Amino acid sequence: MPKPLDGIRVLDLTNVLAGPFCCHHLAHLGAEVVKVEAVGRGDLARQLGADPDLNAKGMGVSFLAQNAGKKSTTVNLKHPKGKALFLKLVETADVVVENFRPGVMDRLGVGYEVLKGLNPQLVYCAISGFGQDGPWVHRPAYDQIIQGASGIMSITGDGESAPLRVGYPLADTVGGVTAAFAIAAALNGKPRGSIIDVSMLESVLATMGWVVSNYLIAGVEPTAQGNENPTSAPSGAFEALGGLINIAANKDEQWVLLTDHLGLAALRDRPEYATREDRKRNRLALKAELEDVLKTRPARDWAKELNRIGVPSGAVLTVPEVLEMPQVAERGFLNSYSDVPGVGRDIWVATTGIKLDGASPTVDTPPPVLGEHNDMIWTELGLSLEELDELKKDGVI
C-alpha cells in the first residue's frame, strides 16, 4: 500500500531530538528523508545515550531511537563546494527541516530566501526554542530550558516537589510532532511553497490549553497538583497493595459505582462528599478513606474489576512493564532491525503511535551510519566517483 508521503523528499539538517523526531514521523509516513550531517561528526545524537560503547561508535541510542529509514549524507556547508552541492540537492527536494539557532542558515548563505529562489515550491521548516523573532530569539534553548520557561515545571509535582521537570524531553518531542503536522499540512498547500516557524515554547503552550484557559478565562492561576486531577474527585493516583492505581471517577455515576464496589456507599451520605465540588474541596480526606480499602489488594486486581463495572482505572506501570503488555507488544508499535551496521546487534525501536488502514507505519532500513548514502545521493546529482573521492579528500563531504 502506498503511504501518504510517498514521493516526497525531505532534507533533514537537524540535530538531537526536535528536528529528527519530526523527520522520524515523516519517514514512517513514506517520505524519503535524507539526513544532511556535518562532516566527521554528524548529528550530535550519535554521541548520546545510555550505552557508552555505541556513543563512541557514532551510533548512540539517542540517534537510533529516531533515525530508522533515513539516508545519511555529509556535507560541509561552510565550504563553497559543499554549499554548491547542498543547493543542487535542494532543487530535488520538497521539504527542508532545520533546527539551527535563528539566523545560522542565512549566515551560511542557504537561508529560506536563497532556497526559495532555487525551488519556489519548497516547504521550509525552521524549529527553534522561541521562534524566529521576538526578544528571546537569540537565547539558547534545550528541552529543560523550555520546560521551565513554559510553566510546565511550575505545575509538575506537588506542593513539596514542584517545580519539577517532566521525566522525558517533552518540549523537544512536542515541538517535533508540531513541525511534522505543519509540514504535512503545508505539502497540501496550493500553490505549494511556504516557510514554517515552529517555536518549541509555543508548541508546548498550545498543548497546555486547559490550564492556560483556566488562567486566561477563569482567572485561576495553575498550580502543582501532584497526582490529583484538579477537575474532579475522586480522580488521581491512589495507594493500593504494592503500588499505585489511577482512578478517574469523574462522573457522579462513576462515584456511585466506585463507592459501592469498595463497600463505601455510606460516604455518599456525608455532606462533605455530596457533590463534585464538595469532593474536590475535601479530596485529601476522601483519598484517605478510599485508600484504607484499596491498600488491601494489588492495583492490577482493582483495575480489572473497576474497569469491568465502568470506573476508568489502571495500575501505574514502569516503562519496561508497559512495553511488555500485549496492548503494546501485539499492535506493531515496536519494530526490530537485525545486525544493524555500526551497532553489531539487533535493535528494537518505537514507531509513531499511528495506524494507517489497520497497520502501524514502519520503515525497512535501520538508522544509517554517518555518510552511508553519500555515493548514492551525490552521484544522483551527476557527480562521478572520482569527483566524490576528491571532495572527500578536501573535507567537503
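Observations on the structure shown:
- Checklist (1) modelled with pLDDT of 95 or more; (2) assigned by TED's automatic domain parsing to the domain that holds Pro361; (3) not in a strand (DSSP E or B) applied to Val36, failing item: (3)
- Restricting the stretch 251-283 to residues that are under 19 Å from Leu241 (Cα atoms) and either without any contact (Cβ under 8 Å) to a residue 12 or more places away in the chain or loosely packed, with under 15 Cβ neighbours inside 10 Å (or both) leaves a set whose member that is farthest from the chain's Cα centre (by Cα) is Gly263.
- In the stretch 220-240, the residue that is farthest from Leu294 (Cα to Cα) out of those that are among the aliphatic types (A, V, I, L, M) and surrounded by 14 or more Cβ atoms within 10 Å (Cβ to Cβ) is Ala224.
- Test: residue in the stretch 82-92 that is closer than 29 Å to Asn119 by Cα, among the basic types (Lys, Arg), over 19 Å from the mean Cα position of the chain (by Cα) and modelled with pLDDT of 95 or more: yes
- Residue that is in the same structural domain as Asn67 (by TED's automatic domain parsing), among the hydrophobic types (A, V, I, L, M, F, W, C) and either closer than 28 Å to Gln47 by Cβ or in contact (Cβ under 8 Å) with a residue 12 or more places away in the chain (or both), where the choices are Val343, Val311: Val343
- Qualifying positions in the stretch 164-175 - of a type outside the set (S, T, N, Q) and part of a helix (DSSP H, G or I): Leu170, Ala171, Asp172, Val174, Gly175
- Members of the stretch 298-330 found to be surrounded by fewer than 13 Cβ atoms within 10 Å (Cβ to Cβ), part of a loop (DSSP other than H, G, I, E, B) and within 21 Å of the chain's Cα centre (by Cα), listed by number: Thr318
- Within the stretch 46-95, restricting attention to residues that are part of a strand (DSSP E or B) and in contact with an Asp or Glu (Cβ under 8 Å, 6 or more places away or on another chain), the residue that is surrounded by the fewest Cβ atoms within 10 Å (Cβ to Cβ) is Lys71.
- Criterion applied to Ser161, Ser154 was being in contact (Cβ under 8 Å) with a residue 60 or more places away in the chain and either assigned by TED's automatic domain parsing to the domain that holds Arg297 or in a helix (DSSP H, G or I) (or both), and the one residue passing it is Ser154.
- Residue match in the stretch 334-344 (condition: assigned to a helix (DSSP H, G or I) and not aromatic (Phe, Trp, Tyr)): no
- Residue pairs whose Cβ atoms lie under 6 Å apart, separated by 6 or more positions or on different chains, with the first residue in the stretch 112-126 and in contact (Cβ under 8 Å) with a residue 12 or more places away in the chain and the second surrounded by fewer than 13 Cβ atoms within 10 Å (Cβ to Cβ), are Leu118/Glu91; Asn119/Glu91.
- Every condition in (1) closer than 18 Å to Asp51 by Cα; (2) surrounded by 18 or more Cβ atoms within 10 Å (Cβ to Cβ); (3) aliphatic (A, V, I, L, M) is met by Ala350 except one, and the failing one is (2).
- Of the criteria (1) under 15 Å from the mean Cα position of the chain (by Cα); (2) outside any loop (DSSP other than H, G, I, E, B), which one Asn15 fails: (2)
- Considering only residues in the stretch 356-382 that are more than 22 Å from Ser62 (Cα to Cα), of a type outside the set (Gly, Ala, Ser) and surrounded by fewer than 18 Cβ atoms within 10 Å (Cβ to Cβ), the one that is nearest to the chain's Cα centre (by Cα) turns out to be Leu356.
- Residues of the stretch 6-20 that are surrounded by fewer than 24 Cβ atoms within 10 Å (Cβ to Cβ) and in contact with a helix residue (DSSP H, G or I) (Cβ under 7 Å, 6 or more places away or on another chain): Asn15, Val16.
- All positions within the stretch 155-184 that are surrounded by 17 or more Cβ atoms within 10 Å (Cβ to Cβ) and of a type in the set (S, T, N, Q): Thr156, Thr173, Thr178
- Spans of helices (runs of 4 or more DSSP H) in the stretch 176-274 with at least 2 residues under 26 Å from Ser161 (Cα atoms): 200-207, 209-216
The values are calculated or read from the model by the stated rules, or taken from the named source; none is laboratory data. It should be emphasised that the depicted structure is a prediction, and the values quoted were computed from it without experimental measurement. Positions of Cβ are generated from backbone atoms using ideal geometry, with glycine treated the same way; all protein chains shown enter the neighbour counts.
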